[in-house]
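Below is one structure; the comments refer to it alone.
The values are calculated or read from the model by the stated rules, or taken from the named source; none is laboratory data. These numbers were taken from a predicted model, which means no experiment stands behind them. Cβ atoms come from the backbone with ideal geometry, glycine included; neighbour counts cover every protein chain shown.
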Amino acid sequence: MSVNIYERADIVEVKQILTEHMDTYDNTSTLDSIGGGWGTERIEQKGARPYKMATGSLLLLCALLLFTVIGLCVSVSRERDQLQVITANLTEARHLLQSTNASLTQERDALKTNNTILAKEREQLESSYRAVVRERDRLNASYTDTNAEKTQLQTNYDTLSKDKDQLQNSYNQLKQDQESLNTSYANLEKERDDMLKGLLDLDWRYFDSHLYYISTTNKSWDDARQHCKSTGADLVTINSQEEQEFVSSFNKEVWIGLSDVNVEGQWRWVDDSPLTTKFWAKDQPNSYKGEQDCVKLWLSPPLENWNDEKCSIVHQWICEKPIQR
């Protein structure tokens, strides 16, 4: 514990007052010795002087001690008041610190919680980032592939564009050719119609790219065939139901190019092809007396009008020849 500067000044003032009183006491003693005689009173005063001085000193020390104690008590009282203020301030500061510490503890706990949440969010963000990086790499690869495909498609497009131009030119040329062919076709149709008219005038008929001649006279099978050959044709060969119906539509009994003159019972056409499609009349062929080796058409249903006949008998006939192309 220390005494402040004001308390030390009071002690100094007390000391100064005591010193002044001691000086006054010494001066009084001196005057008494001067004014008195040199007798017994002077001797007694000389003997009593040390005691007075001791008593004065003691009184001075007691006064000094008293003032010192008083100063110290005042100082202690002041310091106690200051300590009480400081204690109150410290108590208030302690409460404030405790409140601040509690608040800081709560904030620390909140920060720990936030830190945990942020750590989880960071992990999620890192995971999302890695996923985004993978997606970016995939998109980059896809972009590279797409760019290559785009280049290839552009090349294909350019090629197709050139092909389109060529096809357009070809189409235009074909259209011109078509128009020319249509004109030629129309001319050919006219020529065909004129030819058919001329053929009709000559007793020739047209069917399935073949010409058929129906005679107006009668001859034996051999003579009829020779006549057909002289025109570049031969006796008719029937290979389908449609052709059978066509030659039957003339409604005449005529020789056709079918016989078994070489081997009895083996019917063959004049082009030496075997018989496959047959339209024999009922109970025919019967090879009557073994002399019926040639075939003619009867006036009967178209699909049943073939009859074997003696080749020397005279009948009309039908010639057939393909149209040369």
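Restricting attention to segment 241-266, which residues are out of contact with any helix residue (DSSP H, G or I) (no Cβ under 9 Å at 6 or more places or on another chain) and of a type in the set (Ser, Thr, Tyr)? First the steps, then the outcome.
Pass one, segment 241-266, residues out of contact with any helix residue (DSSP H, G or I) (no Cβ under 9 Å at 6 or more places or on another chain): 241-253, 258, 260, 262-263, 265-266.
Scanning segment 241-266 gives Ser248, Ser249.
Kindly check whether there is at least one residue in segment 289-312 that is among the acidic types (Asp, Glu), outside any loop (DSSP other than H, G, I, E, B) and surrounded by 18 or more Cβ atoms within 10 Å (Cβ to Cβ). Step through it out loud before you land on a result.
We begin by selecting, within segment 289-312, every residue among the acidic types (Asp, Glu); these are 291, 293, 304, 308-309.
Narrowing further to those that are outside any loop (DSSP other than H, G, I, E, B): 308-309.
Next cut, surrounded by 18 or more Cβ atoms within 10 Å (Cβ to Cβ) only: 308-309.
Yes, that holds for at least one residue.
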**Request:** Can you give me the number of residues within segment 261-317 that are in contact with a Ser or Thr (Cβ under 8 Å, 6 or more places away or on another chain) and without any contact (Cβ under 8 Å) to a residue 60 or more places away in the chain?
**Result:** 16
**Prompt:** Any chance segment 246-260 includes a residue that's modelled with pLDDT of 90 or more and more than 23 Å from Asp203 (Cβ to Cβ)?
**Reply:** yes
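How many residues does segment 228-285 hold that are of a type in the set (A, V, I, L, M) and either loosely packed, with under 13 Cβ neighbours inside 10 Å or assigned to a loop (DSSP other than H, G, I, E, B) (or both)? Working first, answer last.
First, pick out the residues of segment 228-285 that are of a type in the set (A, V, I, L, M): 233, 235-236, 238, 247, 254, 256, 258, 261, 263, 270, 275, 281.
Narrowing the set further to residues that are either loosely packed, with under 13 Cβ neighbours inside 10 Å or assigned to a loop (DSSP other than H, G, I, E, B) (or both) leaves 233, 236, 238, 261, 263, 270, 275, 281.
Count: 8.
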**Asked** How many residues are over 14 Å from Gly257 (Cβ atoms) and either out of contact with any helix residue (DSSP H, G or I) (no Cβ under 8 Å at 6 or more places or on another chain) or not assigned by TED's automatic domain parsing to the domain that holds Trp255 (or both) when one looks only at segment 294-309?
**Response** 6
**Message:** Can you find a residue that is within 48 Å of the chain's Cα centre (by Cα), of a type in the set (Lys, Arg) and either modelled with pLDDT under 90 or on the phi > 0 side of the Ramachandran plot (or both) anywhere in segment 169-180?
**Reply:** yes
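Taking the condition in contact (Cβ under 8 Å) with a residue 24 or more places away in the chain, assigned to a helix (DSSP H, G or I) and closer than 28 Å to Glu189 by Cβ, does Glu320 pass? So that I can check it myself, show each step before the final result.
Numbers: in contact (Cβ under 8 Å) with a residue 24 or more places away in the chain: yes; assigned to a helix (DSSP H, G or I): no; closer than 28 Å to Glu189 by Cβ: yes.
So Glu320 fails the test.
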